[in-house]
Amino acid sequence: MELQIELNDKLKDLDIAIKSLRKTGSDYAEAYTNYRVALAQELVRLKDEGYAITLAGDIARGKREIASLKFKEISTEAIYKANIESINAIKLHIKVIQEQMNKV
């Protein structure tokens, strides 16, 4: 009975983690979009000012606003990937509990 309670708790944890993944996945997609759009706009602006496109890329990425958006993208991606790992760990724990239940 104790294993069944533990299994139910892990299944609830898995459900919560999956719901969280939806949110963090959406946050990551939004951060990625914001970065790419801002970078593209800055590259066009710099190109219009006469900068070579190869140089414009470095200049644009060094601009504080663009760098901040890249930071946001990277950090939201890390959270998203951490949620995936958490889900995988919970799944593994569920399998272990199920194997223990099958032995009983």
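The values are calculated or read from the model by the stated rules, or taken from the named source; none is laboratory data. Please read these numbers as outputs of a predicted model, since none were measured by experiment. Glycine also receives a Cβ, built like all others from the backbone with ideal geometry; neighbour counts cover every protein chain displayed. In case anyone asks, the SASA skips ligands and DNA or RNA and just uses the protein heavy atoms, side chains included. Shrake-Rupley method; radii C 1.70, N 1.55, O 1.52, S 1.80 Å.
Structural remarks
- With all protein chains modelled, accessible area of residue 54 [1.4 Å, Å²]: 110 Å²
- Note on residue 53: accessible area is roughly 90 Å² with a 1.4 Å probe, heavy atoms of protein only.
- Reported label for calculated Rg/Rh (Cα atoms, Kirkwood Rh) given (1) 1.33; (2) 1.00; (3) 1.02: (1)
- Accessible surface of the chain, 1.4 Å probe, proportion on carbon and sulfur as whole %: 57 percent
- Where labels lie 7 Å past Cα in the beta-carbon direction, separation of residue 68 and residue 88 in nm: 3.4 nm
- Remark: for residue pairs 81/103; 19/70; 19/95; 47/81; 10/72, the C-alpha separation exceeds 29 Å in 81/103; 47/81; 10/72.
- Per-residue [θ]222 nm for the chain (sum of -39500 (n - 2.57) over DSSP H runs n ≥ 4, rounded to 500): -34000 deg cm²/dmol
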